[in-house]
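Please read the structure below before turning to the comments.
The values are calculated or read from the model by the stated rules, or taken from the named source; none is laboratory data. Note that the coordinates shown come from a computational prediction; the quantities given were computed from them, not determined experimentally. We place every Cβ from the backbone using ideal geometry, glycine too, and count neighbours over all the protein chains shown. Heads up: the accessible areas ignore ligands, DNA and RNA and are worked out on the full protein's heavy atoms, side chains in. Shrake-Rupley method; radii C 1.70, N 1.55, O 1.52, S 1.80 Å.
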Amino acid sequence: MSFTYKLLVEGENYTLGNLMMFFIKKNYLVIYSSYEILHPLREILMISITLKRNVKINEVLKESLKTIKIFLKIIIKIVMWNKKLRMN
């Protein structure tokens with residue numbers, strides 16, 4: 001048996017949706033995940049996540065957000081390093 005959760009995130013769009021889906025789908029506890037923007041003129045992101053049984057959504061989201069944070073830190077370091085190279 002699996003459980004599907006639907007999360008609404010106001011003030012966000014495809015940028016966060018794509019980023020979250022990329023990392024959430026890599027979690028072995030996730031059976032299915034998707035997102036959609038509910039209306040093109042309103043920035044409301046709806047995320048759907050289906051998890052294996054006995055898995056808490058908080059665990060999956062926490063792990064995914066932790067991985068996203070590491071990923072973004074690496075991207076920032078790369079950008080800053082490239083910027084320093086151009087200045088020299």
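Filter the chymotrypsin sites (Phe, Trp or Tyr not before Pro) in segment 1-80 down to the DSSP loop ones having no more than 16 other Cβ atoms within 10 Å, then list what survives.
Tyr28
Restricting to Cα atoms and excluding each atom paired with itself, what does the Kirkwood estimate give for the chain in Å?
14.5
Pop the C-beta distance of Arg42 and Trp81 into the FRET formula with R0 = 30 Å and round what comes out to the nearest 0.05.
The pair Arg42/Trp81 has a calculated efficiency of 0.20.
Add -39500 (n - 2.57) for each DSSP H run of 4 or more in the chain, then divide by its residues: what number comes out at 222 nm, to the nearest 500 deg cm²/dmol?
On the way: 2 runs with 42 residues, N = 88.
Per the formula, -16500 deg cm²/dmol.
Please report, as a whole percent, how much of the solvent-accessible surface of the chain comes from carbon and sulfur atoms (probe radius 1.4 Å).
Of all accessible area on the chain, carbon and sulfur atoms account for 60 percent.
Roughly how much of Glu59 is accessible, in Å² to the nearest 10, using a 1.4 Å probe?
The accessible area of Glu59 comes to roughly 100 Å².
Set the Förster distance to 41 Å, then compute FRET efficiency between Asn54 and Leu19 from the Cβ-Cβ distance, nearest 0.05. Display every interim value, and only then the final one.
Values: r = 27 Å, r/R0 = 0.66.
Approximately 0.90, to the nearest 0.05.
Any chance you could look up the accessible area of Leu29 with a 1.4 Å probe, heavy atoms only, rounded to 10 Å²?
Ignoring ligands and nucleic acids, Leu29 comes out at about 40 Å².
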